[in-house]
Amino acid sequence: SSMIGDPQSYLGKSEEELDSPLLLVDLDVMERNLRNQAAYCHSHGIRLWPHTKTHKSLSIAKRQLDLGAKGLTVAKVSEAEVMAQSGTRHLLVAYPVHGPEKCEQLARLATTLELTVAVDSLSCAEGLSLAAKQTGSKIHILVDIDVGMRRTGVSSPQLAAELGCAVEKLPGLVLHGLFFYPGHIYGPPTDQAQQLGEVKALLTETRKIFSEHGLCCERINGGSTPTARTSVLIAGQNEMRPGTYVFQDRNYWGLGHCGLDDCALTVLSTVISTSVPGGFILDAGSKTLSEDRWLGGNTKGYGRILGHAPEWEIEILSEEHGHVTCAPDAAPPRVGDHVRILPNHVCPVVNLHDFYLGVRNDRVEEVFTTDGRGCNR
């Protein structure tokens with residue numbers, strides 16, 4: 001007898017035969033998303049560095065590389081160590097790295113592949129330099145500049161150039177250009193022109209000052225899924241690192257970035273109680289769906305129940321339970337009924353699961369291991 005939920009035991013089964021909660025990926029949709037983004041980058045001469053924090057899977061990372069991705073992007077050092085196993089020659093750590101242990105890990109990794117780190121402080125750069133010097137490795141550096149998200153990034157072109165000059169003097173580091181995250185731009189592509197124009201102006205100014213200081217600026221690395229098809233409006237951007245595009249989710253659909261038929265990942269859940277009038281309970285709570293909010297419309301609900309929206313709304317999540325309210329005239333479900341939920345924000349959902357299933361023509365064809373699960377250091 002197999003243990004409950006032994007992933008391999010699901011191969012070949014139809015949705016009806018599956019136990020829940022489980023994550024299901026429509027392979028046709030995912031493969032189309034991967035191909036379309038690869039083709040867009042290829043046709044515009046932009047190098048694709050997909051962010052792997054969305055799928056955390058070596059198997060999907062390999063598909064992205066097979067489709068022509070230049071390298072892979074990660075947030076954390078522990079994720080970098082996992083994704084190095086994909087066989088990629090290039091890794092980008094898109095996150096400030098601080099502390100001797102992390103810097104030593106990256107310096108060791110830099111002896112096996114070309115490693116790039118985005119920095120926005122001299123403190124982080126000095127730590128990386130020390131480790132690279134001790135290991136005899138080279139770490140490639142991009143200066144992170146804030147273009148409006150107000151999260152990380154130096155606050156002006158002048159400060160970017162100052163940091164670039166400081167990096168150039170540090171042993172073991174090689175300055176390669178600029179890094180930015182246009183995370184404040186998430187409206188539909190048709191509404192992005194003004195904000196993209198501001199980003200373009202800021203980057204143009206920064207490149208000019210880099211050039212005056214004789215600083216290398218051969219890589220301009222930006223990226224997000226909302227700007228993954230509009231980045232050609234940012235002059236000079238030659239690398240991008242979208243992540244969510246692989247699966248898409250309810251928020252990006254709600255914000256006009258994709259159709260429902262572009263959303264590849266759903267959560268399979270079962271109705272487990274109908275005892276309390278006015279609603280019912282699902283076996284998917286915050287430990288399955290995450291508590292990320294719906295950003296569109298009325299900002300209510302923790303996922304869209306496909307085929308039953310809006311008459312069924314996931315109003316409350318407790319740890320193990322999804323509390324669904326029904327419209328008064330909506331037909332109630334029965335205990336044991338399956339539903340499919342499109343999650344609000346797919347990245348944290350994937351990170352809550354050890355594995356997920358690839359489905360084609362209502363048959364489980366593939367088991368994806370969440371290799372980078374919980375890599376938050």
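The values are calculated or read from the model by the stated rules, or taken from the named source; none is laboratory data. Everything numeric in this text was worked out from a predicted model, so none of it was measured. Cβ placement follows ideal geometry from the backbone for every residue including glycine, while neighbour counts extend to all protein chains displayed. The accessibility values were calculated without ligands, DNA or RNA, using every heavy atom of the protein model including side chains. Shrake-Rupley method; radii C 1.70, N 1.55, O 1.52, S 1.80 Å.
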Inset, instruction - Please identify which residues in region 101-145 have an amide N closer than 15 Å to a label point set 7 Å out from the Cα of E168, following the Cα→Cβ vector. - result: 141-143
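Using C-alpha positions alone, give me the convex hull volume of region 218-377 per residue in cubic angstrom.
Numbers: hull volume 23.4 nm³, N = 160.
So the per-residue hull volume is 146 Å³.
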Legend entry - Point-to-point label distance, K13-S275, nm (Cα→Cβ direction, 7 Å offset): 2.7 nm
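Find the eigenvalues of the gyration tensor of the Cα atoms of region 287-377, then list the square roots of 5 times those eigenvalues as equivalent ellipsoid semi-axes, largest first, in whole angstrom. Working shown, then result.
Numbers: eigenvalues 129, 66, 27 Å².
One finds semi-axes of 25, 18, 12 Å for region 287-377.
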Legend entry - Equivalent ellipsoid semi-axes - Cα gyration tensor, region 213-253, angstrom: 27, 10, 6
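Can you put H42, H98 in order of accessible area, largest first, using a 1.4 Å probe? Can you show the working numbers first?
Numbers: H42 160, H98 110 Å².
Ranked from most to least accessible, the order is H42, H98.
What do you get for Rg/Rh of region 69-163 when both radii come from the Cα atoms and Rh is the Kirkwood radius?
Values: Rg = 13.1 Å, Rh = 13.5 Å.
Checking Rg against Rh, the ratio lands at 0.97.
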Legend entry - D (Stokes-Einstein, µm²/s), Kirkwood Cα radius, region 116-188, 1.306 mPa s at 10 °C: 126 µm²/s
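Express in % the proportion of alpha carbon pairs of region 119-243 at distances exceeding 24 Å. Please report the intermediate quantities before stating the final value.
On the way: 2126 of 7750 pairs.
Within region 119-243, distances greater than 24 Å cover 27 percent of Cα pairs.
Find the all-direction average of the projected area of the Cα convex hull for region 8-96, expressing the result in square nanometres with one decimal place.
Numbers: hull surface 29.3 nm².
One quarter of the hull surface, i.e. the mean projection, equals 7.3 nm².
At 222 nm, what value in deg cm²/dmol follows for the chain if DSSP H runs of at least 4 each add -39500 (n - 2.57) and the sum is divided by all its residues, to the nearest 500?
Numbers: 10 runs with 105 residues, N = 377.
Value at 222 nm, helices only, nearest 500: -8500 deg cm²/dmol.
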Legend entry - Lys pairs under 23 Å by Cα in the chain, provided they are eight or more residues apart or on distinct chains: 24
Inset, instruction - Post the alpha-carbon centroid distance, region 190-266 to region 283-329, in whole angstrom. - result: 30 Å
Inset, instruction - State, as an integer percentage, the relative contact order of the chain based on alpha-carbon contacts under 8 Å between residues 6 or more apart. - result: 20 percent
Inset, instruction - Binning at 20 Å from 0, report for the chain what percent of all alpha-carbon pair distances ends up in each bin. - result: 28, 53, 19, 1
